[in-house]
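The values are calculated or read from the model by the stated rules, or taken from the named source; none is laboratory data. All values reported here derive from a predicted model rather than from experimental measurement. Note that we place each Cβ from the backbone using ideal geometry, even for glycine, and neighbour counts take in every protein chain shown.
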Amino acid sequence: MKTAVEELLTRHPQRLWRAQSADMAPKKHLHDPGHPDLRDLLGGWPRGAITEIHSQVEGIGELRLLLPTIAALSQQEKRWVLWCLPPYIPYAPALAAAGVRLERMLVVHPRQCQDQLWALESALRSGTCSAVLAWPPALDEATQRRLQLAAEAGNSMGFFFYQDAVSRRSSAALRLRVQPSGEQTRVQVEKRRGGTVPAVANLELPLAI
Amino acid sequence: MAEQWLALVFPALAAELWNLDGCLPGVWIADSRQRVWQMDRGAESRGVQLGMSAAQARALAPELRAEQRDLERECNLLDRCAQILYAWGPQVVALQEWPHVLAVELQGNQYWRTAPQALLQAIHEFAGVHLRVHLGLAPTPLAAALLAWQGENAELHCCPAQQSFQDCWQGISLQFFPAKSTLLVRWQSLGLYSCGDCLRLDRRERALRFGPEWESFFDRLRGDRPDPRSAWPVQEEFFVSFPLLQEVSDWQGLRFPLHRAFQELRLRLRQRASTHWELLLQGRDTQYRELLQSRSPLNSAELFLQLWQERLLRRPWNFAARQLQLRALDAENWAGEQGDFWEQNLAREQRQLLDRWRARLGSDSIYRVQVRADHRPESAWQPVSPEAQDAISPLDPRPRPLWLLPKATPVSLLPVSASSDLERIEGGWWDGHDLSRDYFRWRRADGAQCWVFRDRRSGEYFLHGYFA
């Protein structure tokens, strides 16, 4: 006979999990990242959740980590892949060459911080976006949780990029730190639901797919 | 087939228009003899009665508002109602015998015969909770108005199905006839209570005693004589304009009247819908104009208000508005939106979200990127509207960076060794953007994979993108 806790854990696999449990996230809640090494490291990108990607420098492969996922989502789903306030121009020829369907990609440039958070929340919550790539300012805990819940409600994958040396406390489901390592990109898992041991992998990310 | 007229009697419009939002405890209006002439339900419930002296009414309920007649507002309200009625009948007339009575001819309206409730609902939506309206249906406008006057409530009053019109009009009470009070008392004293009682008298004697004009009235009431009336002017455009009950300087205050304006326009538009809207707010000596555009026709009041809220909170007006005007700029036939399938729901939700973003962030803040058939990096892409069709362009097999800088930035210190082969890009004389560059990949000291070019004319190096 199941205990009440076990009953709750089965009923709400996304909201409740055992911190010690390595397989808290059923595979159906993960999206294949496309890179074999990354798959070994993470299992997959969490669906309906926020993933934070921290790096000190831009241009070291932080987008190439996601490129196979973005391409697959744009091909498999009619929902948008939203880029919210990207720091530079997402270059269409490179994206198209990687297999991203540009007609399902949208770029939003809110001018004020409040507008950015509002646009982010509405995109995540509405269920119209399969993935939301954003470059938000440092968020307080309440805002992080709010966006996390919005991603859950809309079953969207949120990827938030931060340029910092030290990661702050966050409620994201997954937090990665990306660093250059010779010609490769070093990915370190700083936080993951169910994973207590920090994991690191060096990835060979091709310039073009 | 006999004509059919629907009459709308507003028994206390002059008083009730001051309290359409129900914010006041009650309103009454006095006539030139300082007697209560009209009052709303609030005044009625506090014991004010028609004909009571103004001093008495004030003493009885000092919290009630005593207002003067505002003919412009009354006419505005009747006009808005008439424009809605024009969506249902070819002719709308004002019955001048009473102050606030309209009638619409419904004879040729097939929709009215099959679904009369739709029109009645539209009228009740227009009137709302605080504006009383009585409805009457008869073959002549006068009979329809008198039947409506007889009605105590907002239901439709017409001749009973088993009665012919001949029997029906004979039973119409003289109490509501547009006659002077002295004549009404006289009829009563003579034991004449209904049209039938009156018409049993000899026609000549009747004309001598009560006046020949009443013979004409009875004839028009029965339909024995034509009753030509000039039609209420039709608006060519779809717009609603009315003075605000209170001066409004923020969204909270505007929400109620804007909702009302939209509902009225929607009743008028009926099978049409609009994607372009114009809002005009008029202050004492200044005005504010704002446009709103949606991807699909707006038929939901909730979405309409949501979009305006996003827009007006970003671009507020900074004065006390006294008059509101809402205009549908491109009303077109619209059969409604269909679809329950998930894909169609997704498309609708995406349209609505896009509208909300545009309303709040501005149209230029949302775009897609598209490939252009051009070998120059700046020209190989273009921002397009989210609705734009994608042109098929050949894919470039050479590695391109995921980030392109909006403007190439000079790089002062550059190691000599480049990590990849050079790619020469030249041309552009045809559009005035001629360039000659050698592009290559460069790994910066901090590890960033940069896309750099050397301008072959100046010899300078520039950073143009990141292989992020």
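Does region A:101-134 hold any residues that are under 17 Å from B:Arg368 (Cα atoms), in contact with a Ser or Thr (Cβ under 8 Å, 6 or more places away or on another chain) and in contact (Cβ under 8 Å) with a residue 40 or more places away in the chain, and which are they?
If the condition is that a residue be under 17 Å from B:Arg368 (Cα atoms), in contact with a Ser or Thr (Cβ under 8 Å, 6 or more places away or on another chain) and in contact (Cβ under 8 Å) with a residue 40 or more places away in the chain, then A:Ala123, A:Cys129, A:Ser130, A:Ala131, A:Val132 are the ones that fit.
Taking region A:163-185 only, how many residues are in a strand (DSSP E or B), of a type outside the set (Lys, Arg) and within 14 Å of chain B (Cβ to nearest Cβ)?
Within region A:163-185, residues that are in a strand (DSSP E or B), of a type outside the set (Lys, Arg) and within 14 Å of chain B (Cβ to nearest Cβ) number 7.
For the condition within 12 Å of another protein chain (Cβ to nearest Cβ) and closer than 29 Å to B:Arg444 by Cα, what is the one hit in A:Pro33, A:Pro93, A:Pro68? Don't jump to the end; show me each part of the working.
Values: A:Pro33 fails: within 12 Å of another protein chain (Cβ to nearest Cβ); A:Pro68 fails: within 12 Å of another protein chain (Cβ to nearest Cβ).
It is A:Pro93.
For region B:19-26, state whether one or more residues are within 21 Å of B:His100 (Cα to Cα) and either of a type in the set (A, V, I, L, M, F, W, C) or more than 23 Å from the chain's Cα centre (by Cα) (or both). Steps first, please.
Step one: filter region B:19-26 for residues within 21 Å of B:His100 (Cα to Cα), giving B:19-22, B:26.
Within this subset, residues satisfying the condition of being either of a type in the set (A, V, I, L, M, F, W, C) or more than 23 Å from the chain's Cα centre (by Cα) (or both) are B:20, B:26.
Checked against the condition, which is being within 21 Å of B:His100 (Cα to Cα) and either of a type in the set (A, V, I, L, M, F, W, C) or more than 23 Å from the chain's Cα centre (by Cα) (or both), region B:19-26 yields at least one hit.
Just to confirm my filter: which strands (runs of 3 or more DSSP E) fall fully inside region B:373-468 and include at least 2 residues that are away from chain A (no Cβ under 11 Å)?
Details: elements: B:381-384, B:403-411, B:423-427, B:435-443, B:449-455, B:461-466.
It comes to B:403-411, B:423-427, B:435-443, B:449-455, B:461-466.
What residue, of B:Asp21, B:Asp79, B:Asp70, is in contact with a Pro (Cβ under 9 Å, 6 or more places away or on another chain), of a type in the set (Asp, Glu), surrounded by 16 or more Cβ atoms within 10 Å (Cβ to Cβ) and touching a residue at least 12 places away in the same chain (Cβ under 8 Å)?
Values: B:Asp21 fails: surrounded by 16 or more Cβ atoms within 10 Å (Cβ to Cβ); B:Asp70 fails: surrounded by 16 or more Cβ atoms within 10 Å (Cβ to Cβ).
Exactly one of B:Asp21, B:Asp79, B:Asp70 is in contact with a Pro (Cβ under 9 Å, 6 or more places away or on another chain), of a type in the set (Asp, Glu), surrounded by 16 or more Cβ atoms within 10 Å (Cβ to Cβ) and touching a residue at least 12 places away in the same chain (Cβ under 8 Å), namely B:Asp79.
With respect to the numbered conditions (1) within 30 Å of B:Asn76 (Cβ to Cβ); (2) in a loop (DSSP other than H, G, I, E, B), which one is the sole condition not fulfilled by B:Ala143?
(2)
If A:Gly158 satisfies all but one of (1) among the small types (Gly, Ala, Ser); (2) buried (at least 17 other Cβ atoms within 10 Å of the Cβ); (3) not in a strand (DSSP E or B), what's the number of the condition it fails?
A:Gly158 satisfies every listed condition except (3).
For region A:110-138, give me the residue count where each residue is basic (Lys, Arg) and more than 9 Å from chain B (Cβ to nearest Cβ).
Pass one, region A:110-138, residues basic (Lys, Arg): A:111, A:125.
Subset that is more than 9 Å from chain B (Cβ to nearest Cβ): A:125.
Counting residues in region A:110-138 that are basic (Lys, Arg) and more than 9 Å from chain B (Cβ to nearest Cβ) gives 1.
Please determine whether any residue of region B:261-279 is of a type in the set (Asp, Glu), farther than 18 Å from B:Asp355 by Cβ and either out of contact with any helix residue (DSSP H, G or I) (no Cβ under 9 Å at 6 or more places or on another chain) or not in a strand (DSSP E or B) (or both).
The first filter runs over region B:261-279 and keeps only residues of a type in the set (Asp, Glu), leaving B:264, B:278.
Next, only the ones that are farther than 18 Å from B:Asp355 by Cβ stay: B:264.
The next check asks that each one be either out of contact with any helix residue (DSSP H, G or I) (no Cβ under 9 Å at 6 or more places or on another chain) or not in a strand (DSSP E or B) (or both); those that pass are B:264.
Yes; the residues of region B:261-279 include at least one that is of a type in the set (Asp, Glu), farther than 18 Å from B:Asp355 by Cβ and either out of contact with any helix residue (DSSP H, G or I) (no Cβ under 9 Å at 6 or more places or on another chain) or not in a strand (DSSP E or B) (or both).
Return the residue satisfying two criteria in turn: it lies in region B:26-51 and is touching a residue at least 40 places away in the same chain (Cβ under 8 Å) and of a type outside the set (Asp, Glu), and of such residues it is surrounded by the fewest Cβ atoms within 10 Å (Cβ to Cβ). Working first, answer last.
First pass over region B:26-51, keeping only residues touching a residue at least 40 places away in the same chain (Cβ under 8 Å): B:27, B:29, B:40-41.
Now restrict to residues that are of a type outside the set (Asp, Glu): B:27, B:29, B:41.
Working: B:Val27: 24, B:Ile29: 22, B:Arg41: 17.
Residue satisfying both the conditions and the ranking: B:Arg41.
Here are the criteria: (1) more than 7 Å from every other protein chain (Cβ to nearest Cβ); (2) within 30 Å of B:Glu426 (Cβ to Cβ). Tell me which single one B:Arg348 does not satisfy.
(2)
Which one is surrounded by the fewest Cβ atoms within 10 Å (Cβ to Cβ), of the residues in region A:129-145 that are at pLDDT 95 or above and in contact with a helix residue (DSSP H, G or I) (Cβ under 7 Å, 6 or more places away or on another chain)? So that I can check it myself, show each step before the final result.
From region A:129-145, those at pLDDT 95 or above are A:129-135; that's our starting set.
This time we only want the ones that are in contact with a helix residue (DSSP H, G or I) (Cβ under 7 Å, 6 or more places away or on another chain), so: A:129-132, A:134.
Numbers: A:Cys129: 29, A:Ser130: 24, A:Ala131: 28, A:Val132: 27, A:Ala134: 22.
Ranking the qualifying residues of region A:129-145, first place goes to A:Ala134.
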